[in-house]
């Protein structure tokens, strides 16, 4: 059996390892457009803030491919898929035959529409090469602009602030982490960022960059000009789907897969940031571009490719982070639409030093936001993942003393 995997990230690596555990003789080819060994994307922010060296990024040894008997095709980007002839088309016109294929091409940074993007010292923060360039550009830099108030934007701003730069965050929405938290939590986080020295402007976007070879200023749609020595674009990611033949493999925002991670084309699977599947909390197709989700999906896809049927229950958004002095936990659908029929419970706020928001659909918990006092986050996540009906008054879940045992009474 000839297995081909597009993508050298955590999903592709975990899939290859799962295949090899079940089949010692399988032919495995792994295609990756980077030449660097498999590495941890979440660690990039630690390289930026100086807490970890670049050499800590790899997650597998330099002998990984030999030990797993994998044929690596690194530094070569997949350009297309010939579904009928079971071939992957590479950018250099080479063709790679397959019996089973995994699309684990990940995601690319969401592009920014602005003039002057060709100036030097304007970066994304997605790859290990980006990390290397960012660290090199820190020498002599004093002022930075970070675009985006999501997780990448926050981590970038924190890292630059820790390095001693004056940092301005520009957020298009009304508060940070607007895709993960509600307005109350968002403003608590905003106040915390400002309190620790970040300049944050909300409701604004960049329309142009000025400079003389290297960037010297960012110009906003509000007409302000922000002098800077470097810019990090952290506006999120989009599934890398340009290689997918439309009409042959079903695609929405990501590549649509079933519970076995198989696409609409038999024998072709997808996993990781490129895959779109049922979201456990939202109960609809969704892309959750998260490292642990990618790892789990890669393993399950690999098992199914090797002939062991394993169902994946669906993806679930969740994050736990430290925002200076705030512990922040989000899980599931914490920001439902007003017409969703969900019930929302809230407690605490800035004055109380903690915040809790729970979202229920009928008698099932589907989302939660917690700021400080997050010790019960694991219990709440378990309730959401298992779709466990809550038979006690849901207000009990809001109390600091709530524990899983109370659900069994």
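Find how many whole Å separate the alpha carbon centroid of the stretch 332-377 from the alpha carbon centroid of the stretch 239-294.
One Cα centre to the other: 28 Å.
Can you give the extra length, in nm with one decimal, that the chain gains between residue 25 and residue 99 once fully stretched, where that is 0.36 nm per residue apart less the Cα-Cα distance?
25.2 nm
Among DSSP bridges having both ends in the stretch 122-235, what percentage is antiparallel? Round to the nearest 5.
35
Efficiency by 1/(1 + (r/R0)^6): what FRET value for residue 399 and residue 311, r their Cβ-Cβ distance, R0 = 51 Å, to the nearest 0.05?
About 0.90, to the nearest 0.05.
With just the Cα atoms defining each centre, how far is the stretch 34-50 from the stretch 105-175? Give it in Å.
15
Show that you can apply the helix-only estimate: for the chain, add -39,500 (n - 2.57) for every DSSP H stretch of four or more residues, divide by all residues, and state [θ] at 222 nm to the nearest 500.
When only DSSP H runs of four or more count, the value is -6000 deg cm²/dmol.
If you compute P(r) over Cα pairs in 20 Å bins from 0, in percent for the structure shown, which of [x] 25, 53, 21, 0; [y] 28, 60, 12, 0; [z] 27, 57, 15, 1 do you land on?
Answer by label: [x].
Report, for the chain, the % of DSSP beta bridges that are antiparallel, rounded to 5.
Of all bridge pairs located within the chain, approximately 55 percent are antiparallel.
Please give the FRET efficiency for residue 344 paired with residue 91, using the beta carbon to beta carbon distance and R0 = 41 Å, rounded to the nearest 0.05. Walk me through the numbers on the way to the answer.
Working: r = 48 Å, r/R0 = 1.18.
Taking R0 as 41 Å, the efficiency between residue 344 and residue 91 is 0.25.
Expressed in nm to one decimal, what extension gain is obtained for the pair residue 67 and residue 133 from 0.36 nm per residue of sequence separation less their Cα-Cα distance?
On the way: separation 66, 0.36 × 66 = 23.76 nm, distance 3.12 nm.
Extending this stretch completely gives an extra 20.6 nm.
Can you give me the orientation-averaged projected area of the convex hull built on the Cα atoms of the stretch 333-408, in nm²?
4.9
Bear in mind that the values in this text are calculations on the coordinates, not laboratory data. Given the structure is predicted, the values throughout are model-derived calculations rather than measurements. Using ideal geometry, Cβ is built from the backbone for each residue, glycine included, and neighbour counts are taken over all protein chains shown.
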